[in-house]
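I have placed the structure first, in the form of structure tokens, so that the comments after it can refer back to it.
We did not get these values from a lab; they are worked out from the coordinates using the rules stated. Just so we're clear, the structure is a prediction, and the values are computed from it rather than from any experiment. Methodologically, a virtual Cβ is constructed for each residue, glycine included, from the backbone with ideal geometry; neighbour enumeration extends over all protein chains shown.
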Amino acid sequence: MFRFEEPAYLYLLLLLPLLVAFYLYSNYRRRKAIRRFGDPELMASLMPDVSKHRPDVKFSILLLAIGLFSVLLARPQFGSKLETVKRQGIEVIIALDISNSMLAEDVQPSRLQKAKRIVAQLVDRMENDKVGMIVFAGDAFTQLPITSDYISAKMFLETIDPSLITKQGTAIGAAIDLAARSFTPQEGVGRTVILITDGENHEGGVEEAIKRATDKGIQVNVLGVGSPDGSPIPAAGGNDYRRDREGNVVVTRLNEQMCQEIARAGKGIYARVDNTNNAQRAIAKEVDKLAKADVETQVYTEYNEQFQAVAWIILILLLGEMLILEIKNPLFRNVRLFSKR
């Protein structure tokens, strides 16, 4: 398995486009200055030793060396030993509503963004647990299979958007069924589904899905996002709001009663997500109550540093950049002149 021990240094790669832009701008200013002195072709004939392409080659080599230097600082490593280890933990499946109503802004910055922040904070608290993610609207599908790779979990979380599912609706029953099937077959481990939704436009089969989950010993907790008073849904690409066929602004409301009923049937808790941190604290406290058992996880226990190879490549590139002259080699020019005679 490949990884970076210090991945923050990879942000230095963002400097490369700036360096390219600066180099192109400098070339533009240089060509503009040459034109002020005379015709470019005439100037080129007066400076036969000046190479047109060698500065570009030297800059490209230097740019590649800078990019590899950021990789070097990030400390690339390869895992050399895969082992199955047992750790005390639980399994959590996040079922996140991504229907268009989750774009409402009665919770700042929006219902969906607030929900994603809560999930990120839950993942940050995990140590030996496993987490998976399911997204749903009119359909439900697995965004992230259950894993103990928290970095990947947060990466997948950032990509979640209502555009992932075109069919609108709130298929809570399908989401709970899919979540219940997503846990590992290991026995004795605490399992919970954290359903995050505004509860609007739910379809049938919710009660049956909850019963199937609780029969397997799976707890269902619910975080209701939004306000019962309702809020309009921002329209895409503008400052207006979504409207129905009659032109009326669509107002989405948190169905708090339904969320409470799901949590009660799922033997979990219900907490309303608003602009405070009360919901985060409530769900974290509930998750901590789950019985922790030995969770088997495959991990790489030994990593070998790979920076030496990168360092050698950088050294070779810098030597090559130093050896390439910006002017043409006079010896080669004299040879060509002699051959013409």
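Odds and ends about this structure:
- Within the straight-line cut-off of under 14 Å between alpha carbons, the aspartates and glutamates reachable from Lys292 are Glu91, Glu127, Asp129, Glu187, sequence neighbours fewer than 8 places apart in one chain being disregarded.
- Rounded D (µm²/s) - the stretch 118-217, Kirkwood Rh over Cα pairs, Stokes-Einstein at 20 °C, 1.002 mPa s: 149
- Violating pairs (Cα-Cα greater than 28 angstrom) within the set Lys216/Lys285; Lys154/Lys289; Lys167/Lys289; Lys167/Lys267: Lys167/Lys289; Lys167/Lys267
- For GluC sites (Glu not before Pro), the sites in the stretch 246-286 that DSSP calls loop and that have at most 14 other Cβ atoms within 10 Å are Glu246.
- As a ratio to 2.2 N^0.38 Å, the alpha-carbon radius of gyration computed for the stretch 232-293 takes the value 1.65.
- For the stretch 222-276, trypsin sites (Lys or Arg not before Pro) are listed when DSSP marks them as loop and at most 10 other Cβ atoms sit within 10 Å of their Cβ; the list is Arg245.
- Kirkwood-type radius of the stretch 53-189, with distances r between different C-alpha atoms, in Å: 17.9
- For the stretch 93-140, a Kirkwood hydrodynamic radius built from all Cα pairs, placed in the Stokes-Einstein relation at 25 °C and 0.890 mPa s, yields a translational diffusion coefficient of 211 µm²/s.
- Here's the list of aspartates and glutamates a cross-link from Lys32 could span, going by alpha-carbon distance under 17 Å and ignoring same-chain residues fewer than 8 apart: Glu41.
- Computed P(r) (all Cα pairs; the stretch 178-322; 5 Å bins; percent): 2, 8, 12, 14, 12, 10, 8, 7, 6, 6, 6, 5, 4, 2, 0
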